[in-house]
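Novice: One structure follows; several queries about it will come next.
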Amino acid sequence: MKRVSLVLVLISCCALLSPSALFAQFSFVGPAGGDFFTVTNWQDGGGFNPASIIDGVSGLIEHDLTIGGTGSATAASLIGFGSGSLSMTSGSALTSSAKMTFSATGSFTLDGATLSLTSTGAAGQIDMNSGSVFSASGGTTMTTGDDMFFRGSTTIANSVLESTGDDIEFRDIFSTTVISDSSFTVKSGAVGAQVLIFKGDATITNSLFSGGRISLDSASEVTAADSTFNMTGDIEDVFNSITFGTLTLTGTTSVTADQVEEGVTVFLQDSSSLTLIDDDLDTDGGDWINNPTVATTQTTSVILQSMSASLTLQGGRSAPTVDDKAQIFNGIVGPSYASNSSLFIPSTWNGQDDVTIQLSSVVPEPSSLLLVSVLAGSLLASCRSRRKRS
């Protein structure tokens, strides 16, 4: 029995000495602007410091770290998290001249905090890998000199995100990205050089987007309510020439972009609006709504589903040689402008001139169609009853 007890004690001691047992929670206690990697700048609840910020086996941060209050830290080398996490609470700040990465089991939470990645190129990126968890809220401000990659579960509320040098990319195809009451800016060039990318589904509420292009990769479904998109480039699939992605605008959402391309479908509901400027700065000027360049049955289209919604086409095109009427649809009864222009206002558009298009008031709203159907059914039943009595 004594031998068994001794063995159990030895096993317990080994477990306590193993790297996984050393992973713990530490809070930043260093001076303002203190080095992120200095162990004495971190303490646990008992006043102890970690042996090291970076795990000697994985080469990553496996601790759960918190920067709270008015704490501020700086870093000059890669901040890479394994199964650890970083939480930044209201008033805290982190400034780094190097990249940040979070593995499939890592998480990053900001609540009223400030993150600044100051370098350009890859050193200015934040990379949330597949399976990771990211959350920003409470007036958080996040600025990077290069890409923001969100490949895991992503929730952003009441925050400001800006990439001063490249893209903001939402790439989780397994869960829905949720965005509300926030502002996003990507660097824009003459033809919308940088991109706001959605590879998976997303729901957006009361948010502002500014900069270059919108990319709907794969079959992503993005729904935006009461939001504003001020883009200088196209709505398209940036990395391919065909997409089955959809952009649904609800409430008072307004979108300004150059063109709609490559199989994207835009649905206009409620009092939403889409303005296409076709500024002729790219190589496919002369068309507001472009079909894919590859052989496919997928059609680029704009579908109006409310009489209060509007599509504005403008830009003074230098070569208005393409007729876009066949790609604009009445979403209530189905036909395109080309097949039945009387279902639209104006009904005499030539498919090329600047115009603002809405659905004609002669088309009943869905609720009216239902009422008409009910009344017609009642009238038919009444007529049948009278015939039987006669």
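The values are calculated or read from the model by the stated rules, or taken from the named source; none is laboratory data. Since the model is a prediction, treat every value here as computed from it, not as a measurement. Note that we place each Cβ from the backbone using ideal geometry, even for glycine, and neighbour counts take in every protein chain shown. Side chains are part of the model used for accessible areas, which takes the heavy atoms of the whole protein and leaves out ligands, DNA and RNA. Shrake-Rupley method; radii C 1.70, N 1.55, O 1.52, S 1.80 Å.
Novice: When you check Asp353 against the structure, is it part of a loop (DSSP other than H, G, I, E, B), open to solvent by less than 40 Å² (accessible area, probe 1.4 Å) and modelled with pLDDT under 95, yes or no? Show your work before the answer.
Specialist: Values: part of a loop (DSSP other than H, G, I, E, B): yes; open to solvent by less than 40 Å² (accessible area, probe 1.4 Å): no; modelled with pLDDT under 95: yes.
So Asp353 fails the test.
Novice: Name the residues in segment 211-229 that are open to solvent by 50 Å² or more (accessible area, probe 1.4 Å) and either closer than 14 Å to Gln194 by Cβ or not in a strand (DSSP E or B) (or both), would you?
Specialist: The answer is Arg213, Ser218, Ala219, Asp226.
Novice: If you go through segment 156-184 one residue at a time, how many are acidic (Asp, Glu) and not in a strand (DSSP E or B)? Break it down into steps so the answer makes sense when it comes.
Specialist: Our first condition is that a residue be acidic (Asp, Glu); within segment 156-184, this holds for 162, 166-167, 169, 172, 181.
Pick out the ones that are also not in a strand (DSSP E or B) and you get 166-167, 172, 181.
So the answer is 4.
Novice: Output the residues belonging to segment 73-88 that are out of contact with any Asp or Glu (no Cβ under 9 Å at 6 or more places or on another chain) and open to solvent by 30 Å² or more (accessible area, probe 1.4 Å).
Specialist: The answer is Ser77, Leu78.
Novice: Something else about it: Could you list all residues from segment 69-103 that are over 17 Å from Asp127 (Cα atoms) and either among the charged types (D, E, K, R) or in a loop (DSSP other than H, G, I, E, B) (or both)?
Specialist: Gly69, Thr70, Gly71, Thr89, Ser90, Gly91, Ser92
Novice: Filter segment 252-274 down to the residues that are part of a strand (DSSP E or B), open to solvent by 10 Å² or more (accessible area, probe 1.4 Å) and either over 20 Å from Gln194 (Cβ atoms) or modelled with pLDDT under 95 (or both) and list them by number. First the steps, then the outcome.
Specialist: Keep residues of segment 252-274 that are part of a strand (DSSP E or B), which gives 254-257, 260, 265-268, 273-274.
The next check asks that each one be open to solvent by 10 Å² or more (accessible area, probe 1.4 Å); those that pass are 254, 256, 265, 267, 273.
Across segment 252-274, the qualifying residues are Ser254, Thr265, Phe267, Ser273.
Yes/no matrix, rows are residues, columns are (1) open to solvent by 10 Å² or more (accessible area, probe 1.4 Å); (2) acidic (Asp, Glu); (3) farther than 18 Å from Ile197 by Cβ; (4) not in a strand (DSSP E or B):
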residue	(1), (2), (3), (4)
Thr105	yes, no, yes, yes
Phe108	no, no, yes, no
Leu115	no, no, yes, no
Ser119	yes, no, yes, yes
Ala122	yes, no, no, yes
Gly131	yes, no, yes, yes
Ser135	yes, no, yes, no
Met142	no, no, no, no
Thr154	no, no, no, no
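Novice: So for segment 176-187 (the condition being in contact (Cβ under 8 Å) with a residue 40 or more places away in the chain and open to solvent by 40 Å² or more (accessible area, probe 1.4 Å)), does at least one residue qualify?
Specialist: No, that holds for no residue.
Novice: Evaluate segment 54-71: report whether one residue or more is in contact (Cβ under 8 Å) with a residue 40 or more places away in the chain and among the polar types (S, T, N, Q).
Specialist: yes
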